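Working notes, structure below.
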Amino acid sequence: MLGYTLRRVAGTIPVLFMVSLLIFALVQFAPGDPVDMLVSDEATEEVRLAIRSAWGLDQPVYVQYLTFLKNAVMGDFGQSFRYREPVMDLILQRLPASLELAIYSTLLAVGIGLPLGVWAASRPNSFIDTIGSIGGFFGISLPNFWLGILLILLFAGTFNLLPSGGRETWGLNVERVTGFLTIDSIIAGRWDALWDALRHLALPVVVLGTNMTGIIMQITRASVLENLQEDYVMTARAKGMSGRVVLWRHAFRNALIAVITIIGLEFGTLISGAIIVETVFAWPGIGYLLLQGISFRDFPLITGLVLVYTTMFVLINLAIDMIYTVVDPRIRLG
Amino acid sequence: MVRSSKTRQLAQALKSPKGAFSLVVIGLLLLAATFAPLIAPFDPNRQDLMLAMTPPQLTGPHFLGTDHVGRDMMSRIIYGSRVSLLIAVAVVLFSGVVGVTLGVTSGYYGGRVDSIIQKFLEVVWAFPPLLLAISIVAFLGQGLGILIVALASQRWIPYCRLARAEALTLREREFVSAARSLGASDSRILRTHILPNLIQSALIVATFAMATAIIAESSLSFLGLGVPASTPTWGGMLSDARAYISTSWWMALFPGLCIFCTVLAINLLGDVLRTHLDPRLSRA
């Protein structure tokens, strides 16, 4: 198991290396001179040259890449053009907000999608199944930014129940320990802050989780149904096991493999969905940061964020592969 | 014989509520996009600040209301269908051609060609969906061509996987070795024996790719990363609507409803096609 894990981890290194090369190439092909973003329009040629050498832009391309790669491996993506702060610091400040949003959305999607999928599979073609199948199609066809806007319109506008954006009400000042506001409020014993954090989380979590709920439900239903038709289920029934035991202990457990794969794949969709949802709700996470970086053509910031996102995605998929081997002992470690 | 009964089954399936809904919506959309200048009551870009934010009127000239600078919503939505369809079709065709070509090459020739293509695929697949597209637009700038390339940047992969798998199995089949021993060239074998066997499955992949391409295009337009803002797009209209959400609900409701219905119709069509053409094929 250890050998397999190490081999898999090592296997991701060339992929991440190629990813960095691809991003670097994109930056090189970008039109315009990066110096324009660093100096004012009236800067003299001397100033421009000085800036160029200070940022290493006068070096040959391959030297620039090697420097970039060396620093990136150490977690140093350089200074943001706009904020004049290290990119990594900016990312780390905002990462907990994004993770908190993503984790609650996943919990919501799994918590609703999984049981609904099993329920629908246990009564195929019933009323529940039809409703579920329609709901599943709605879930994958709803553009999340539109759902977000509609919910803001209803819950923040018309009913005035929930905040329309942001992460916390200004001035609550909960001491930051984990960066997760819900957990930090509990640690500090501040129930008002916890309630405030949950109110801010409600709409973005629902919006981000909807799409994933639909997909998890569809996949769960399909794979449980498939397993219910297998011989071993028939055997279990013939032995006189109750329907519920057959459903949960046999069909559901075997269907879990497909469901875990989908949860892993959907994490990518969750990441890109979060970029949009954070923008809609002005959620101070790394997705919102990315969009701000793009509008200011802040190349070091964009590069750093794309690399961080992709690394997270690759590592999550790696983790999913590891989980397989635990859930399904039939998978040989090759 | 088998084929004709299959076709009949498909025709039957398209008459089911699912199939009928999707055909009607897609038909309306095609009509709107094709005849936009004839149907649209106003010039989609004509501003009239005196009429800004007129609510929908059942009998007045602005049936779906006007936006924050007084442009007619109905006309913008009709013209917006052109952008959505045009980009989605272009993206699906472009990624289909690239994906099938790479996949067939990979599976048919194998060896080093295969491993290079598969390595490339693995790297592109390592990006979370949409992030590569966002990066391409962010670095290279906005424009129709770049947008199509950006949206196709990961969409060729399902085609490539499918084509590779088919080419791998077909390569060993008797009719292919027979053609080879009769002296048929590689390109002839690929064209006459391998490609035709791929078309059905590629069509299903294309339908779902179309649905995700429309969502992705409108997401990018919403983020201000799509086609230039002067062109009316559904995503761009929603982006405008955000600032006026408390006063003008119609600006947010109608363009989103169009995206939703279009994507829903295409997804349902894909489901009907998948069930009747190839039940084995999983979601692409």
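The values are calculated or read from the model by the stated rules, or taken from the named source; none is laboratory data. Bear in mind the structure is a predicted one, so any value in this text is a computation, not a measurement. Methodologically, a virtual Cβ is constructed for each residue, glycine included, from the backbone with ideal geometry; neighbour enumeration extends over all protein chains shown. SASA here: full protein model, heavy atoms, side chains in, ligands and nucleic acids out. Shrake-Rupley method; radii C 1.70, N 1.55, O 1.52, S 1.80 Å.
Report, by residue number, each residue of region A:281-302 that is open to solvent by 10 Å² or more (accessible area, probe 1.4 Å) and either in contact (Cβ under 8 Å) with a residue 40 or more places away in the chain or more than 7 Å from chain B (Cβ to nearest Cβ) (or both).
Hits for region A:281-302 are A:282, A:284, A:288, A:292, A:295, A:296, A:297, A:299, A:300.
Which of the residues belonging to region A:236-263 are open to solvent by less than 80 Å² (accessible area, probe 1.4 Å) and more than 30 Å from residue A:316 (Cα to Cα)?
Of everything in region A:236-263, those that are open to solvent by less than 80 Å² (accessible area, probe 1.4 Å) and more than 30 Å from residue A:316 (Cα to Cα) turn out to be A:236, A:240, A:241, A:242, A:243, A:245, A:246.
How many residues are closer than 16 Å to residue A:82 by Cα and either free of Cβ contacts under 8 Å to residues at least 24 places away in the same chain or in contact with a strand residue (DSSP E or B) (Cβ under 6 Å, 6 or more places away or on another chain) (or both) if we restrict to region A:25-53?
Just the residues of region A:25-53 that are closer than 16 Å to residue A:82 by Cα, to begin with: A:33-41, A:51.
Those still in the list that are either free of Cβ contacts under 8 Å to residues at least 24 places away in the same chain or in contact with a strand residue (DSSP E or B) (Cβ under 6 Å, 6 or more places away or on another chain) (or both) too: A:33, A:35-36, A:39-41, A:51.
Residues that pass the stated criteria total 7.
Provide a single number: the residues in region B:106-146 that are in contact (Cβ under 8 Å) with a residue 40 or more places away in the chain, β-branched (Val, Ile, Thr) and more than 12 Å from every other protein chain (Cβ to nearest Cβ).
1
Considering only helices (runs of 4 or more DSSP H) fully contained in region A:14-108, which possess at least 1 residues that are more than 14 Å from chain B (Cβ to nearest Cβ) and closer than 24 Å to residue A:272 by Cβ?
Correct list: A:61-73.
Taking region A:1-13, which residues are among the hydrophobic types (A, V, I, L, M, F, W, C), away from chain B (no Cβ under 14 Å) and assigned to a helix (DSSP H, G or I)?
Matches in region A:1-13: A:2, A:6, A:9, A:10.
Among B:252, B:209, which is away from chain A (no Cβ under 11 Å) and open to solvent by less than 40 Å² (accessible area, probe 1.4 Å)?
That would be B:209, the only listed residue that is away from chain A (no Cβ under 11 Å) and open to solvent by less than 40 Å² (accessible area, probe 1.4 Å).
I'm trying to understand the selection: among the residues of region B:57-87, which are aromatic (Phe, Trp, Tyr) and assigned to a helix (DSSP H, G or I)?
Result: B:79, single match.
Contact list please: Cβ distance under 7 Å, first residue in region A:133-153 and within 14 Å of residue B:234 (Cβ to Cβ), second residue outside any helix (DSSP H, G or I), pairs at least six apart or on different chains.
Sorted first by the residue in region A:133-153, then by its partner, the pairs are A:149/B:245.
Among A:220, A:182, A:158, A:213, which is within 19 Å of residue B:253 (Cβ to Cβ) and either surrounded by 22 or more Cβ atoms within 10 Å (Cβ to Cβ) or of a type in the set (Val, Ile, Thr) (or both)?
Values: A:220 fails: within 19 Å of residue B:253 (Cβ to Cβ); A:182 fails: within 19 Å of residue B:253 (Cβ to Cβ); A:213 fails: within 19 Å of residue B:253 (Cβ to Cβ).
Within the list A:220, A:182, A:158, A:213, the selection yields A:158.
Against the condition more than 23 Å from residue A:280 (Cβ to Cβ), surrounded by fewer than 19 Cβ atoms within 10 Å (Cβ to Cβ), at pLDDT below 95 and away from chain A (no Cβ under 11 Å), how does residue B:280 come out, does it pass?
Taking the combined requirement at face value, the residue satisfies it.
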